[in-house]
(Lines give C-alpha, C1' and ligand atoms only; values in the text may rest on other atoms or scores of the structure.)
Protein backbone atom coordinates (compact mmCIF):
# COMPACT_ATOMS: atom_id res chain seq x y z
CA UNK A 1 0.00 0.00 0.00
CA UNK A 2 1.10 3.53 -0.78
CA UNK A 3 -0.20 6.29 1.51
CA UNK A 4 0.26 9.89 0.56
CA UNK A 5 -1.27 13.17 1.69
CA UNK A 6 -3.07 15.56 -0.61
CA UNK A 7 -2.61 19.23 0.35
CA UNK A 8 -6.16 20.54 0.52
CA UNK A 9 -8.11 22.62 3.01
CA UNK A 10 -8.81 21.17 6.47
CA UNK A 11 -12.40 20.16 7.24
CA UNK A 12 -14.10 18.58 10.22
CA UNK A 13 -15.54 15.65 8.30
CA UNK A 14 -13.35 12.54 8.41
CA UNK A 15 -12.79 11.35 4.86
CA UNK A 16 -10.68 8.77 3.04
CA UNK A 17 -9.95 8.39 -0.66
CA UNK A 18 -8.91 5.04 -2.12
CA UNK A 19 -7.80 4.13 -5.61
CA UNK A 20 -5.52 1.81 -7.57
CA UNK A 21 -2.35 2.53 -9.50
CA UNK A 22 -3.35 2.84 -13.15
CA UNK A 23 -1.40 5.30 -15.33
CA UNK A 24 -2.04 7.85 -16.67
CA UNK A 25 -5.03 8.55 -14.43
CA UNK A 26 -3.64 7.25 -11.15
CA UNK A 27 0.12 7.31 -11.00
CA UNK A 28 2.90 8.28 -8.62
CA UNK A 29 5.21 11.13 -9.58
CA UNK A 30 8.08 12.05 -7.26
CA UNK A 31 6.43 10.24 -4.35
CA UNK A 32 3.02 11.86 -4.83
CA UNK A 33 -0.20 10.34 -6.11
CA UNK A 34 -0.91 12.15 -9.36
CA UNK A 35 -2.50 11.61 -12.74
CA UNK A 36 -5.34 13.06 -14.76
CA UNK A 37 -8.26 11.71 -12.75
CA UNK A 38 -6.39 12.39 -9.54
CA UNK A 39 -6.22 16.07 -10.48
CA UNK A 40 -10.01 16.15 -10.92
CA UNK A 41 -10.48 14.43 -7.55
CA UNK A 42 -8.14 16.90 -5.86
CA UNK A 43 -9.95 19.83 -7.50
CA UNK A 44 -13.29 18.46 -6.26
CA UNK A 45 -11.98 18.11 -2.71
CA UNK A 46 -10.55 21.61 -2.77
CA UNK A 47 -13.78 23.07 -4.14
CA UNK A 48 -15.69 21.33 -1.32
CA UNK A 49 -13.23 22.60 1.30
CA UNK A 50 -12.38 19.08 2.40
CA UNK A 51 -9.20 17.43 3.63
CA UNK A 52 -8.32 13.92 2.58
CA UNK A 53 -5.52 11.53 1.75
CA UNK A 54 -5.17 9.14 -1.14
CA UNK A 55 -4.50 5.49 -0.37
CA UNK A 56 -3.34 3.27 -3.23
CA UNK A 57 -4.33 -0.41 -3.08
CA UNK A 58 -4.99 -3.28 -5.46
CA UNK A 59 -8.44 -2.63 -6.92
CA UNK A 60 -10.24 -5.44 -5.08
CA UNK A 61 -8.97 -4.11 -1.74
CA UNK A 62 -9.91 -0.51 -2.57
CA UNK A 63 -13.37 -1.69 -3.65
CA UNK A 64 -13.83 -3.64 -0.41
CA UNK A 65 -12.88 -0.62 1.73
CA UNK A 66 -15.26 1.66 -0.16
CA UNK A 67 -18.03 -0.89 0.03
CA UNK A 68 -17.78 -1.43 3.78
CA UNK A 69 -16.56 1.81 5.38
CA UNK A 70 -18.41 5.13 5.82
CA UNK A 71 -17.11 8.35 4.24
CA UNK A 72 -14.79 6.72 1.73
CA UNK A 73 -14.34 7.95 -1.83
CA UNK A 74 -13.13 5.65 -4.60
CA UNK A 75 -12.03 6.26 -8.18
CA UNK A 76 -12.00 5.36 -11.07
CA UNK A 77 -15.22 3.39 -10.69
CA UNK A 78 -17.23 1.96 -13.57
CA UNK A 79 -20.90 2.80 -13.01
CA UNK A 80 -22.45 -0.59 -13.72
CA UNK A 81 -26.06 -1.63 -13.02
CA UNK A 82 -24.82 -3.94 -10.26
CA UNK A 83 -23.05 -1.05 -8.50
CA UNK A 84 -25.64 1.67 -9.11
CA UNK A 85 -27.39 1.41 -5.74
CA UNK A 86 -24.30 0.39 -3.78
CA UNK A 87 -22.55 3.78 -3.95
CA UNK A 88 -23.23 7.50 -4.18
CA UNK A 89 -22.00 8.82 -7.51
CA UNK A 90 -20.11 12.11 -7.19
CA UNK A 91 -19.26 12.63 -10.86
CA UNK A 92 -17.20 11.40 -13.82
CA UNK A 93 -13.41 11.68 -13.69
CA UNK A 94 -12.26 9.81 -16.81
CA UNK A 95 -13.30 8.37 -20.15
CA UNK A 96 -12.02 5.05 -21.42
CA UNK A 97 -12.23 3.00 -24.60
CA UNK A 98 -10.91 -0.40 -23.59
CA UNK A 99 -9.80 -3.26 -25.77
CA UNK A 100 -7.24 -6.00 -26.22
CA UNK A 101 -3.51 -5.26 -25.99
CA UNK A 102 -0.78 -7.72 -26.98
CA UNK A 103 2.98 -7.67 -27.37
CA UNK A 104 3.87 -6.13 -30.72
CA UNK A 105 5.93 -9.15 -31.77
CA UNK A 106 2.97 -11.51 -31.24
CA UNK A 107 1.86 -11.08 -34.83
CA UNK A 108 -0.01 -14.38 -34.62
CA UNK A 109 -2.65 -12.66 -32.48
CA UNK A 110 -5.02 -10.61 -34.66
CA UNK A 111 -8.61 -11.08 -33.46
CA UNK A 112 -11.53 -9.24 -35.04
CA UNK A 113 -14.12 -10.40 -32.53
CA UNK A 114 -14.27 -11.86 -29.04
CA UNK A 115 -15.28 -15.16 -30.63
CA UNK A 116 -11.91 -15.25 -32.42
CA UNK A 117 -9.96 -15.55 -29.17
CA UNK A 118 -10.30 -19.29 -28.80
CA UNK A 119 -8.13 -20.48 -25.91
CA UNK A 120 -6.15 -17.24 -25.62
CA UNK A 121 -5.58 -16.04 -22.05
CA UNK A 122 -6.41 -12.50 -20.91
CA UNK A 123 -5.12 -10.92 -17.70
CA UNK A 124 -7.77 -8.90 -15.85
CA UNK A 125 -7.70 -7.22 -12.47
CA UNK A 126 -9.60 -8.94 -9.68
CA UNK A 127 -12.97 -7.22 -9.20
CA UNK A 128 -12.69 -5.16 -12.38
CA UNK A 129 -15.80 -4.69 -14.50
CA UNK A 130 -14.01 -5.77 -17.68
CA UNK A 131 -13.39 -9.19 -16.19
CA UNK A 132 -17.04 -9.42 -15.20
CA UNK A 133 -18.09 -8.61 -18.76
CA UNK A 134 -15.71 -11.20 -20.20
CA UNK A 135 -17.18 -13.80 -17.84
CA UNK A 136 -20.60 -12.97 -19.25
CA UNK A 137 -19.20 -13.85 -22.67
CA UNK A 138 -18.42 -17.34 -21.38
CA UNK A 139 -14.79 -16.96 -20.32
CA UNK A 140 -13.72 -18.66 -17.11
CA UNK A 141 -11.23 -17.86 -14.37
CA UNK A 142 -8.24 -20.15 -14.49
CA UNK A 143 -8.77 -20.84 -18.18
CA UNK A 144 -9.26 -17.88 -20.52
CA UNK A 145 -9.06 -15.35 -17.67
CA UNK A 146 -6.04 -14.85 -15.41
CA UNK A 147 -6.85 -12.71 -12.36
CA UNK A 148 -4.24 -10.22 -11.16
CA UNK A 149 -4.00 -7.79 -8.25
CA UNK A 150 -3.64 -4.66 -10.39
CA UNK A 151 -2.95 -3.39 -13.91
CA UNK A 152 0.82 -3.44 -13.39
CA UNK A 153 0.71 -7.13 -12.53
CA UNK A 154 -1.44 -7.76 -15.61
CA UNK A 155 1.14 -6.04 -17.78
CA UNK A 156 4.01 -7.97 -16.19
CA UNK A 157 2.20 -11.21 -16.97
CA UNK A 158 1.92 -10.06 -20.58
CA UNK A 159 5.62 -9.19 -20.75
CA UNK A 160 6.59 -12.59 -19.36
CA UNK A 161 4.42 -14.40 -21.89
CA UNK A 162 2.15 -15.80 -19.19
CA UNK A 163 -0.93 -14.33 -20.89
CA UNK A 164 -1.74 -13.33 -24.46
CA UNK A 165 -3.59 -10.08 -23.79
CA UNK A 166 -4.36 -7.40 -21.24
CA UNK A 167 -7.34 -5.05 -21.27
CA UNK A 168 -6.39 -1.38 -21.55
CA UNK A 169 -7.10 1.87 -23.36
CA UNK A 170 -5.08 2.44 -26.52
CA UNK A 171 -4.20 5.98 -25.45
CA UNK A 172 -2.81 4.66 -22.15
CA UNK A 173 -0.14 2.46 -23.72
CA UNK A 174 2.65 5.09 -23.80
CA UNK A 175 2.09 5.88 -20.10
CA UNK A 176 2.12 2.21 -19.14
CA UNK A 177 5.27 1.55 -21.17
CA UNK A 178 6.94 4.51 -19.48
CA UNK A 179 5.76 3.42 -16.02
CA UNK A 180 7.36 0.01 -16.55
CA UNK A 181 10.49 1.42 -18.24
CA UNK A 182 9.72 -0.45 -21.47
CA UNK A 183 10.77 0.38 -25.02
CA UNK A 184 8.18 2.55 -26.76
CA UNK A 185 5.90 0.51 -28.99
CA UNK A 186 6.55 -2.85 -27.35
CA UNK A 187 2.78 -3.30 -27.05
CA UNK A 188 0.01 -2.97 -29.63
CA UNK A 189 -3.71 -2.30 -29.28
CA UNK A 190 -5.33 -4.88 -31.55
CA UNK A 191 -9.08 -4.81 -30.95
CA UNK A 192 -11.51 -2.32 -29.44
CA UNK A 193 -14.37 -3.68 -27.35
CA UNK A 194 -17.32 -1.26 -27.72
CA UNK A 195 -19.04 -2.69 -24.64
CA UNK A 196 -16.05 -1.53 -22.58
CA UNK A 197 -16.23 2.11 -23.67
CA UNK A 198 -17.38 4.22 -20.74
CA UNK A 199 -16.92 7.07 -18.31
CA UNK A 200 -15.58 6.22 -14.87
CA UNK A 201 -16.54 7.97 -11.66
CA UNK A 202 -15.58 9.29 -8.29
CA UNK A 203 -18.00 7.53 -5.95
CA UNK A 204 -18.71 7.52 -2.21
CA UNK A 205 -19.47 4.58 0.04
CA UNK A 206 -23.20 3.96 0.48
CA UNK A 207 -23.21 4.67 4.23
CA UNK A 208 -21.42 8.01 3.88
CA UNK A 209 -22.68 11.18 5.52
CA UNK A 210 -25.47 12.67 3.38
CA UNK A 211 -24.22 16.24 3.74
CA UNK A 212 -20.72 15.16 2.75
CA UNK A 213 -22.04 13.49 -0.39
CA UNK A 214 -24.11 16.54 -1.30
CA UNK A 215 -21.15 18.88 -0.78
CA UNK A 216 -18.95 16.74 -3.01
CA UNK A 217 -21.56 16.46 -5.74
CA UNK A 218 -22.03 20.23 -5.78
CA UNK A 219 -18.27 20.75 -5.82
CA UNK A 220 -17.89 18.39 -8.76
CA UNK A 221 -20.50 20.33 -10.72
CA UNK A 222 -18.26 23.38 -10.35
CA UNK A 223 -15.18 21.40 -11.38
CA UNK A 224 -17.01 20.29 -14.53
CA UNK A 225 -16.90 23.92 -15.70
CA UNK A 226 -13.09 24.01 -15.62
CA UNK A 227 -10.66 23.58 -18.49
CA UNK A 228 -8.98 20.74 -16.58
CA UNK A 229 -12.18 18.71 -16.59
CA UNK A 230 -12.86 19.40 -20.25
CA UNK A 231 -9.34 18.42 -21.25
CA UNK A 232 -9.50 15.11 -19.40
CA UNK A 233 -13.02 14.15 -20.47
CA UNK A 234 -12.87 15.28 -24.10
CA UNK A 235 -9.31 14.53 -25.14
CA UNK A 236 -8.91 11.86 -22.41
CA UNK A 237 -5.10 11.71 -22.39
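The values are calculated or read from the model by the stated rules, or taken from the named source; none is laboratory data. Treat the numbers as computed from the prediction; the structure is a model and nothing was measured. So basically every Cβ, Gly included, is an ideal-geometry build from the backbone, and we count neighbours across all protein chains shown.
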Residue among 208, 148 that alone is under 30 Å from residue 86 (Cα atoms), surrounded by 15 or more Cβ atoms within 10 Å (Cβ to Cβ) and out of contact with any helix residue (DSSP H, G or I) (no Cβ under 8 Å at 6 or more places or on another chain): 208
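What strands (runs of 3 or more DSSP E) completely inside region 66-125 contain at least 3 residues that are modelled with pLDDT of 95 or more and over 19 Å from residue 153 (Cα atoms)?
Qualifying strands (runs of 3 or more DSSP E): 72-78, 87-103.
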Select from region 35-55 the residues that are modelled with pLDDT of 95 or more and part of a strand (DSSP E or B) and list them in ascending order. 54, 55
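Right, residue 232: at pLDDT 95 or above and crowded, with 17+ Cβ neighbours inside 10 Å or not? It would help to see each step written out before you state the result.
Working: at pLDDT 95 or above: no; crowded, with 17+ Cβ neighbours inside 10 Å: yes.
Criteria not met by residue 232.
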Taking region 129-145, which residues are touching a residue at least 12 places away in the same chain (Cβ under 8 Å) and closer than 22 Å to residue 82 by Cα? 129, 130, 131, 132, 133, 134, 137, 139, 145
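Working carefully through the options 222, 197, find the one that is surrounded by fewer than 19 Cβ atoms within 10 Å (Cβ to Cβ), touching a residue at least 24 places away in the same chain (Cβ under 8 Å) and touching a helix residue (DSSP H, G or I) at 6+ places or on another chain (Cβ under 7 Å).
Numbers: 197 fails: touching a helix residue (DSSP H, G or I) at 6+ places or on another chain (Cβ under 7 Å).
Step by step, each of 222, 197 is checked, and only 222 is surrounded by fewer than 19 Cβ atoms within 10 Å (Cβ to Cβ), touching a residue at least 24 places away in the same chain (Cβ under 8 Å) and touching a helix residue (DSSP H, G or I) at 6+ places or on another chain (Cβ under 7 Å).
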